[in-house]
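The values are calculated or read from the model by the stated rules, or taken from the named source; none is laboratory data. Quick caveat, the model's predicted, so the values are computed rather than measured. We place every Cβ from the backbone using ideal geometry, glycine too, and count neighbours over all the protein chains shown.
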Amino acid sequence: MSLLKPILLVEDDFVDASTAKQAIHDLKVRNPVIHKTDGEEALEYLRDPNNDKPAVILLDLNMPRISGIELLQIIKSDTELQQIPVVALTVSKYEQDKLDTFDFGVAGYIIKAVDYDAFLRAMDIIIQYWAWNGLVEKERETDNARL
Amino acid sequence: MRDCRPILLLEDDTVDAMTVKRALKELHVLNPLVRVANGEEALVYLKDESKEKPCVILLDLNMPKMNGIEFLKIAKADEKLKRIPAIVLTTSKDDQDRFKSFQLSIAGFVVKPVDYIKFVEAMRIVNMYWTLSELPNSGQESTNEKLQAHITGGR
């Protein structure tokens, strides 16, 4: 079996990051999750040649220092990184944020649900979509049956 | 899909185009499907101001005249078109095709299953994802365009 690339989660809020990690765990995703708490840390990770490039990036938009939109812009203009799909996971319903992220090549703009069940359902759709893209893998039913 | 604007499908093969249409109908996707046979026709459609801009673009890669990659290069460099999410639907498992498409900021690369039932399942997930995801309103100006208008002194 091929080595699975990680999912990079860029999120400054500790509670939101735990919720996202919990959902990915509950959905039995096999890709490892790497969490960075701001844009600078994320860029440092992405530009370190020793690190595996992520399969997909889940990006919060409102972060201190480098904002999510700025990070997206940097990633999409870097020839070493631009092929990585970036999905915005945000509370921002601001029309301008939607336009700007899509202009910079975001591959999805998902408004975070407050309650966990709704958040889990949304994450399930995100995971299934990127699984059809061949980038994310879930444990197969037979793997569970054996346990 | 999240809103009722048309879906633009770039597909040269009539049978494949009909399969997409059938799958969307089966999934009760109400968006009108506009089908064009290649990238050139797609650009004509997209640049026609009298036509409503699509909410998403589904495209095949191997097409005559202007293929999918050539189309993406032009569409993704166009200020008015680049924001429309483009999802590649292809039978190609070629890693180079995948890499080049993602470099051009596509919003998905789905390898079409040959089996119809599996194809409907793939389209079901594509539709669910683009119903969950917000979509950009193509009629509005981005910060970039506002800035350009400001710099050039227009408006």
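B:Ala37 meets each of the listed conditions (1) touching a residue at least 24 places away in the same chain (Cβ under 8 Å); (2) among the aliphatic types (A, V, I, L, M); (3) under 23 Å from A:Gly105 (Cβ atoms) apart from (3). The set of residues in segment B:4-22 that are out of contact with any strand residue (DSSP E or B) (no Cβ under 9 Å at 6 or more places or on another chain) and closer than 11 Å to B:Glu52 by Cβ contains only B:Cys4.
Restricted to segment A:105-119, and to residues that are among the aliphatic types (A, V, I, L, M) and at the interface with chain B (Cβ under 8 Å from one of its Cβ atoms), which residue is farthest from A:Tyr129 (Cα to Cα)? Top of the filtered list is A:Ile111. Screening segment A:82-104 for residues that are at the interface with another protein chain (Cβ under 7 Å from one of its Cβ atoms) and either in contact (Cβ under 8 Å) with a residue 40 or more places away in the chain or within 16 Å of B:Leu104 (Cα to Cα) (or both) and picking the one that is surrounded by the most Cβ atoms within 10 Å (Cβ to Cβ) gives A:Phe102. If you go through segment B:55-76 and keep only what is more than 10 Å from chain A (Cβ to nearest Cβ), in contact with a Leu (Cβ under 9 Å, 6 or more places away or on another chain) and free of Cβ contacts under 8 Å to residues at least 40 places away in the same chain, you end up with B:Met66, B:Asn67, B:Ile69, B:Leu72, B:Lys73, B:Ile74, B:Ala75.
For segment B:100-122, the criterion of being more than 14 Å from every other protein chain (Cβ to nearest Cβ), within 12 Å of the chain's Cα centre (by Cα), closer than 27 Å to A:Gln82 by Cβ and at pLDDT 95 or above is met by none of the residues. In segment A:122-136, the residues that are within 16 Å of A:Ala20 (Cα to Cα) and more than 7 Å from chain B (Cβ to nearest Cβ) reach residues that are among the β-branched types (Val, Ile, Thr) and in a helix (DSSP H, G or I) with C-beta atoms within less than 6 angstrom, at least six apart or across chains, in these pairs: A:Val136/A:Ile127.
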